[in-house]
1. Hey, among 88, 134, 126, which residue is farther than 25 Å from residue 231 by Cβ, touching a helix residue (DSSP H, G or I) at 6+ places or on another chain (Cβ under 9 Å) and surrounded by fewer than 18 Cβ atoms within 10 Å (Cβ to Cβ)?
2. For residue 146, indicate whether it is within 27 Å of residue 204 (Cα to Cα), crowded, with 24+ Cβ neighbours inside 10 Å, in contact with a helix residue (DSSP H, G or I) (Cβ under 6 Å, 6 or more places away or on another chain) and in contact (Cβ under 8 Å) with a residue 60 or more places away in the chain.
3. Using the structure shown, decide if residue 245 is at pLDDT 95 or above, closer than 22 Å to residue 339 by Cβ, part of a strand (DSSP E or B) and touching a strand residue (DSSP E or B) at 6+ places or on another chain (Cβ under 9 Å).
4. With the condition kept exactly as written, say whether any residue in the range 262-273 is modelled with pLDDT of 95 or more, on the phi < 0 side of the Ramachandran plot, surrounded by fewer than 18 Cβ atoms within 10 Å (Cβ to Cβ) and within 22 Å of the chain's Cα centre (by Cα).
5. Answer yes or no: is there a residue in the range 334-355 that is more than 20 Å from the chain's Cα centre (by Cα), surrounded by 15 or more Cβ atoms within 10 Å (Cβ to Cβ) and either under 27 Å from residue 197 (Cβ atoms) or touching a residue at least 60 places away in the same chain (Cβ under 8 Å) (or both).
6. Among helices (runs of 4 or more DSSP H) lying entirely in the range 271-381, which contain 3 or more residues that are within 30 Å of residue 92 (Cβ to Cβ)?
7. From (1) surrounded by fewer than 21 Cβ atoms within 10 Å (Cβ to Cβ); (2) outside any helix (DSSP H, G or I), pick out the condition that doesn't hold for residue 121.
8. Checking the condition over 20 Å from the mean Cα position of the chain (by Cα) and surrounded by fewer than 22 Cβ atoms within 10 Å (Cβ to Cβ), which residue from 193, 208 passes?
């Protein structure tokens with residue numbers, strides 16, 4: 001069974017006002033004084049070895065943000081426990097720094113730049129200007145293990161059409177600089193300003209994938225391999241496919257849903273690649289349009305069917321995704337969990353719908369932030 005690890009980009013906000021606070025360095029210092037969480041593993045999987053990848057709390061680009069990283073898991077219950085454990089670890093350290101932690105794709109309240117002073121980040125500011133200084137977004141990156149780069153590229157070529165559905169389910173960034181953007185995921189709009197961000201063509205072979213990445217770096221337009229911001233890519237750290245399209249979710253159960261769907265997509269695509277089945281013939285132009293539609297409307301409007309390119313109700317396209325990966329979900333023991341969580345999202349809404357509902361009720365974006373902090377901590381169940 002394939003392992004899955006999750007990285008979550010989390011915002012640090014003032015405990016009173018809800019505005020982002022530049023306290024990442026202090027938060028990480030306090031975290032260093034505390035034992036790292038021992039990620040639970042239930043009876044379905046062995047404990048991870050001490051040298052397993054992941055299991056960290058790190059800086060991100062801005063001082064108002066940190067990133068958690070679970071160890072790999074085969075069991076989704078254990079993965080969910082790991083996500084919650086790392087959130088609690090971050091929350092405890094941030095509290096000592098006078099801040100709260102929220103899982104949101106963007107800050108609901110206005111924020112200014114506070115770049116972490118690492119040489120690489122300062123080079124990014126010089127090279128990319130406002131694209132860098134305004135980059136304060138929160139994504140959920142899912143790593144799914146692969147057997148080889150060849151298998152990984154076979155997977156990348158075959159999951160492209162379904163990635164916008166993951167974006168729609170996870171959409172959780174309706175506000176930007178204190179304004180309602182009308183998007184469910186404005187993070188997805190902020191990201192496409194980077195020269196490598198977004199969907200990709202089908203590569204065909206690992207050799208072609210690596211040739212493209214090498215050519216991008218050689219062009220001088222990007223600094224290094226870490227700036228290959230494809231919606232899904234081969235990880236340059238781990239033997240994984242890294243699916244990067246989702247917003248970070250307030251509810252950790254939604255994070256687990258996205259992770260389970262990612263693994264099922266990888267399983268299904270790997271089987272198709274092994275059997276010699278061709279990928280869906282989707283142009284990058286159509287994929288960009290599909291992603292825009294998902295980011296704009298989330299699950300409240302139509303999504304674009306990856307097989308017909310016609311608009312259909314989001315609920316129907318999500319149902320098609322589940323049907324597409326059902327055999328893998330069943331083999332992994334995730335079928336019932338995924339169906340239950342999808343039903344829950346369509347009943348109570350995704351993160352963007354939750355944020356807007358709080359604003360409509362209270363009229364205060366600070367209340368939106370407070371609600372996100374409660375949800376991130378798992379205190380609203």
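The values are calculated or read from the model by the stated rules, or taken from the named source; none is laboratory data. Here the structure is a predicted model, which means the values were calculated and not measured. A quick note on method: Cβ atoms are made from the backbone with ideal geometry, for glycine too, and the neighbour counts reach across all protein chains shown.
1. One residue alone meets the criteria, 126.
2. So residue 146 does not fit the description; no.
3. yes
4. no
5. no
6. Filter on the range 271-381 gives 335-348, 351-362, 365-376.
7. (2)
8. Answer to the selection: 208.
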